[in-house]
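Asks: Handing you a structure now.
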Amino acid sequence: MKSQKKEDRPIPCTYEIATFFHCANCAALRPPNKSLREWAQLEIGFTPIGLQVWCKRCEKNIVHVDFEGQKHPANKFPDPETQAQAEKEIGLAE
């Protein structure tokens, strides 16, 4: 299947996560009454080279993605209503 060009592919602001990053150390120590999502103590942020996921509990790197100097499009809207209002304000929506 051929992927769409970046400018043709919408970036949704809805929940689309299919797989998660988890700290293996924390997962092994997780109490039985907590899900991995509830137990996680992760910080995610941009670095000079890309994006990093950091475990706050273990103070360890989970993953550090190198963008190799490329810029990537992103959707920074928190929800569809906010996105629709912003698009209307700048003339992208009717």
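The values are calculated or read from the model by the stated rules, or taken from the named source; none is laboratory data. Predicted model only: the values in this text are computed from it and were never measured. With ideal geometry, Cβ positions are generated from the backbone for all residues, glycine too; neighbour counts draw on all protein chains shown.
Asks: If only one of ILE11, ILE49 is surrounded by 11 or more Cβ atoms within 10 Å (Cβ to Cβ) and touching a Pro at 6+ places or on another chain (Cβ under 8 Å), which one is it?
Replies: None of the others qualify; the one that does is ILE11.
Asks: Filter the stretch 13-29 down to residues that are over 13 Å from GLN41 (Cα atoms) and touching a Phe, Trp or Tyr at 6+ places or on another chain (Cβ under 7 Å), then give me how many there are.
Replies: Number of matching residues: 1.
Asks: Can you tell me which condition TRP39 does not meet? The list is (1) over 30 Å from ALA84 (Cβ atoms); (2) among the hydrophobic types (A, V, I, L, M, F, W, C); (3) under 15 Å from the mean Cα position of the chain (by Cα), and all the others hold.
Replies: That leaves (3) as the condition not met.
Asks: Give me the residue from the stretch 39-59 that is in contact with a Gly (Cβ under 9 Å, 6 or more places away or on another chain) and of a type in the set (Val, Ile, Thr) and, out of that set, nearest to LYS71 (Cα to Cα).
Replies: ILE49
Asks: Give all pairs with beta carbons closer than 9 Å in which a residue from the stretch 74-94 that is over 27 Å from PHE46 (Cα atoms) meets a residue that is modelled with pLDDT under 80 and surrounded by fewer than 11 Cβ atoms within 10 Å (Cβ to Cβ); count only pairs at least 6 apart in sequence or on separate chains.
Replies: Every condition considered, the pairs that remain are LYS88/GLU94.
Asks: Going through the stretch 17-35 one residue at a time, which ones are polar (S, T, N, Q) and either touching a residue at least 24 places away in the same chain (Cβ under 8 Å) or closer than 11 Å to CYS55 by Cβ (or both)?
Replies: ASN25
Asks: Restricting attention to the stretch 1-30, report how many residues are more than 17 Å from LYS71 (Cα to Cα) and either within 17 Å of the chain's Cα centre (by Cα) or modelled with pLDDT of 85 or more (or both).
Replies: Within the stretch 1-30, residues that are more than 17 Å from LYS71 (Cα to Cα) and either within 17 Å of the chain's Cα centre (by Cα) or modelled with pLDDT of 85 or more (or both) number 19.
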